[in-house]
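Working notes, structure below.
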Amino acid sequence: MSESVEGFSDNGSTLAQLDPAGIRGNPNNPRRYFNEERLDLLRTSIQEVGILVPLIVYESEEKPGTYILMDGERRWRCSLDLGLEVVPANIIPTPEPLDNLLRMFNIHNVREDWPLISVALSLREVMQIADESGEKRLSEMTGLTRSTVRRAKRLLSIPDEEMELIREEAHLDRTRQVHREDLYLEIEAAESVLRSELPEAMEGYSRPQIIRAFARKAEENTLRSVTDFRSVGKLVKAIDEDIVERTTVVSAVKRLIEDPRASPKDLFDDIAAEGYRQQSLQRKSQVLITELRESVVTNGPLSAALRQELQELRRTIDDVLEGDSR
């Protein structure tokens, strides 16, 4: 392996030209999956102008003379594809395992294009090595926002079989992914609501079974959007709002679980949407009645324009009430 040392940087690292074949990927890199299209763009850029930002590496303790990446895996992969003989690299001291993980997080924290599955898997290693599960402390250690830590921990709660489906597609462009992280976060939230608020509908179904049944809807192209699962929470809320009977929602949920073609959005529209619409009209009517009474008391006679609109409103209300009584 060729190696030429150029000097030392201010932080004590050694700047060198290394053979990319003597560099290995970091198993603790949170950014575990790389989009194919973006790698193509980077390869083109490197062909045109070379690697402008040095990789960051440390020497392997198990295989002296070889190096482990701390930063620059996309550049390194492209250099191998392009057959480059050397790449610029800053060689830093070998970190401890936990320090390695945390430095990887903090190096990559400013990057927004690595998938949540990558964050979640590396965060799990931090939790295991540091014996730490607190959201606030994990945020401080990794440099991730508390919201990202929370979402990553939720993703880690889904079955391993589903996690594997996410991992298999993580390198694809999002438009080609079926098993996306946001899909499973929506599914996890819907399952949690049902299990806590409608336990009788969950009888006979394990959590993995529910998650698999809901994921099948994405596989069967039943969903318009992953956010369709938010209709599940709205269905449950409709019970508390006295919009729909509890037994009706229980039956709908059982159908949602059993039938891959049953859409949560369609079920909501069929069962509760009209009730919510009428509830909204009722509240608007109450506000209008209050404002009209206050206007008459405080402002005196109505304007001609308002009087005309109110007369039209009265005719519309009479038509609606007459039609409802038939």
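Here are the numbers for this structure:
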| quantity | calculated |
| --- | --- |
| Rel. contact order, % - alpha carbon contacts under 8 angstrom, at least six apart, the chain | 12 |
| Accessible surface ranking that places the most exposed of Asp319, Asp269, Asp182 first, with a 1.4 angstrom probe | Asp319, Asp269, Asp182 |
| Interchain or long-range residues, amide H under 5 Å from Asn26's placed H | Leu69 |
| Of all accessible heavy-atom area on the chain, the percent that carbon and sulfur account for (1.4 Å) | 48 |
| Accessible area expressed per residue, the chain, with surrounding protein chains retained (probe 1.4 Å, Å²) | 57 |
| Taking the C-alpha atoms of the chain, convex hull volume expressed per residue in Å³ | 246 |
| Cross-link table Lys136/Lys234; Lys153/Lys265; Lys217/Lys284; Lys136/Lys217, entries beyond 32 Å C-alpha to C-alpha | Lys217/Lys284; Lys136/Lys217 |
| Taking the stretch 30-170 and dividing mean pair separation by its residue count, relative contact order in percent (alpha carbons under 8 Å, at least six apart) | 26 |
| Check: the chain dipole with +1 on Lys, Arg Cβ and -1 on Asp, Glu Cβ, in debye | 760 |
| Extension gain (nm, one decimal) between Asp319 and Glu85, 0.36 nm per residue minus Cα-Cα | 76.0 nm |
| Isotropic mean projected area of the C-alpha convex hull, the stretch 222-265 (nm²) | 2.9 |
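The values are calculated or read from the model by the stated rules, or taken from the named source; none is laboratory data. Only a predicted model underlies this, so the values are computations on that prediction, with no experimental measurement involved. Cβ sites come from the backbone with ideal geometry, for glycine too, and all protein chains shown count toward neighbours. Ligands, DNA and RNA are excluded from the accessible area calculation, which covers all protein heavy atoms including side chains. Shrake-Rupley method; radii C 1.70, N 1.55, O 1.52, S 1.80 Å.
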